[in-house]
1. Name the residue, out of 375, 335, that is closer than 28 Å to residue 48 by Cα and in a loop (DSSP other than H, G, I, E, B).
2. Mind checking which residues of segment 51-71 are over 22 Å from the mean Cα position of the chain (by Cα) and part of a helix (DSSP H, G or I)?
3. Kindly check whether there is at least one residue in segment 275-286 that is open to solvent by 20 Å² or more (accessible area, probe 1.4 Å), assigned to a helix (DSSP H, G or I) and within 28 Å of residue 150 (Cα to Cα).
4. Can you give me the number of residues within segment 111-143 that are more than 17 Å from residue 42 (Cα to Cα), touching a Gly at 6+ places or on another chain (Cβ under 8 Å) and buried (at least 19 other Cβ atoms within 10 Å of the Cβ)?
5. Do the conditions hold for residue 176, that is, is it within 18 Å of the chain's Cα centre (by Cα), open to solvent by 10 Å² or more (accessible area, probe 1.4 Å) and among the small types (Gly, Ala, Ser)?
6. With part of a loop (DSSP other than H, G, I, E, B), touching a Lys or Arg at 6+ places or on another chain (Cβ under 8 Å) and either open to solvent by less than 70 Å² (accessible area, probe 1.4 Å) or over 17 Å from residue 253 (Cβ atoms) (or both) as the only criterion, which of 380, 315 stands out?
7. Being acidic (Asp, Glu), open to solvent by 50 Å² or more (accessible area, probe 1.4 Å) and part of a loop (DSSP other than H, G, I, E, B): is that true of residue 191 here?
8. Pull out all pairs, ordered by first then second residue, where Cβ-Cβ is under 9 Å, the residues are six or more apart or on different chains, the first lies in segment 188-208 and is closer than 26 Å to residue 255 by Cα and without any contact (Cβ under 8 Å) to a residue 40 or more places away in the chain, and the second is surrounded by fewer than 24 Cβ atoms within 10 Å (Cβ to Cβ) and not aliphatic (A, V, I, L, M).
Amino acid sequence: MIICAPQQAQHSQPLLPPVAARVGTPRRRVLAVGLIGPGRVGSALLEQLRSAQSRLAHDAGLELKLCGVAASKRMWLDCDDPELNARCHSAQTWRPSDLDEFAAHVRGVDGRHALLIDCSANDAVATHYPRWLADGLHIVTPNKLAGSGPLPRWQTIRAACASGARFRYEATVCAGLPVVQTLRDLLDTGDELLAVDGMFSGTLAWLCNRHDGKQPFSALLREAHALGYTEPDPREDLSGVDVARKLVILAREAGWPLSMDEVAVESLVPSALATLPLDEFMQRIDELDAPMAAKLAEARAAGGVLRHVASLDQLGRARVTLTVLPATHAFAHTRMTDNIVQFRTRRYHDNPLQVQGPGAGPEVTAAGVFADLLRIAESLEARA
């Protein structure tokens, strides 16, 4: 089992292997970076990048140059505001957002290494990926809509990487946990995926762990929302759609052409609340209390625990459901926002490989994005 401690506890560890320290002066590389979506994850990532800038330049010979930040309606460019790296949110000059103009600015005309980070969770942004990749821009994202969207678009995105640009999306599944990379390593070394089971939602893991009948489910949901564990609209978590997207991403990583409409999803959102405006939904979430109390009673009567589980079997059958598991099950012993993913493969058949650790929150998700950026940076050649 791979157990990942919270990212906050790892700040003392180097983010890049200390190769430079062993071989002398590190090779100098400059990576131009543009961030799309300065929300909770994007803002946390900007802070992490800013904090690491000096250390990466000194220890790894990597200069991260923030060239721009694009929000939904406006963008800040370093050509307008030379102090963007230090200021960002209080930038002095901004212009209306234009994603193609933004990407062209980050790419530049000098043949430099350039990378776009999409923290937007916006499907319209994902439609630009094939062109950006074909133009040589690397892309890192926690945006699940690219990897779980229409299969033809996903195939086009992957084909665009023939340009040599890198596309990494570890944080689309279980925040900062090495889930996609673990699966990729298994497949690249000749293993065969047979099945995937897991608790893919840090939000629902936290809710299941905390839902003990001492307070209403709605109170726990409000708390999770305030802590940033849920999506901006908690129904994206409660509906099971967010978990289904992660299952689709892993299936496609393994070469299985799974689409969202092929996943059987049990929603925890009553139909009467499903289409309400967000504000009205939040006012009426106490309507979730009775059905969730009934499910908790069912679990206790069976001597088990309530867990939100997704599964994909060798026949391609995929489902997402709130289920009762025995108290002895590995998934019964998770804590707080823990995600746990179990890979059953040809090698790990009788004793499946498990990855477990915190799977929600802006900081750990941003750290997963940052790690992908560093993996790309490690492969870059030095340029004058």
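1. Values: 375 fails: in a loop (DSSP other than H, G, I, E, B).
The unique qualifying residue is 335.
2. Restricting attention to segment 51-71, the residues satisfying the condition of being over 22 Å from the mean Cα position of the chain (by Cα) are 53-63, 65, 67.
Scanning segment 51-71 gives 53, 54, 55, 56, 57, 58, 59, 60.
3. Just the residues of segment 275-286 that are open to solvent by 20 Å² or more (accessible area, probe 1.4 Å), to begin with: 275-280, 282-284, 286.
Now restrict to residues that are assigned to a helix (DSSP H, G or I): 278-280, 282-283, 286.
Retained after the next criterion (residues that are within 28 Å of residue 150 (Cα to Cα)): 278.
Yes, that holds for at least one residue.
4. The total comes to 1.
5. Values: within 18 Å of the chain's Cα centre (by Cα): yes; open to solvent by 10 Å² or more (accessible area, probe 1.4 Å): yes; among the small types (Gly, Ala, Ser): yes.
The answer is yes for residue 176.
6. Values: 315 fails: touching a Lys or Arg at 6+ places or on another chain (Cβ under 8 Å).
Sole residue among the options that is part of a loop (DSSP other than H, G, I, E, B), touching a Lys or Arg at 6+ places or on another chain (Cβ under 8 Å) and either open to solvent by less than 70 Å² (accessible area, probe 1.4 Å) or over 17 Å from residue 253 (Cβ atoms) (or both): 380.
7. Numbers: acidic (Asp, Glu): yes; open to solvent by 50 Å² or more (accessible area, probe 1.4 Å): no; part of a loop (DSSP other than H, G, I, E, B): yes.
Considered against the rule, which asks whether it is acidic (Asp, Glu), open to solvent by 50 Å² or more (accessible area, probe 1.4 Å) and part of a loop (DSSP other than H, G, I, E, B), residue 191 comes out as no.
8. 189/347; 190/346; 190/347
The values are calculated or read from the model by the stated rules, or taken from the named source; none is laboratory data. Being a predicted model, the structure only gives us computed values, none of them experimental. In this analysis, Cβ positions are derived from the backbone assuming ideal geometry, glycine residues included, and neighbour counts consider all displayed protein chains. Each accessible area value is taken on the protein alone, full model and side chains, heavy atoms only, with ligands, DNA and RNA left out. Shrake-Rupley method; radii C 1.70, N 1.55, O 1.52, S 1.80 Å.
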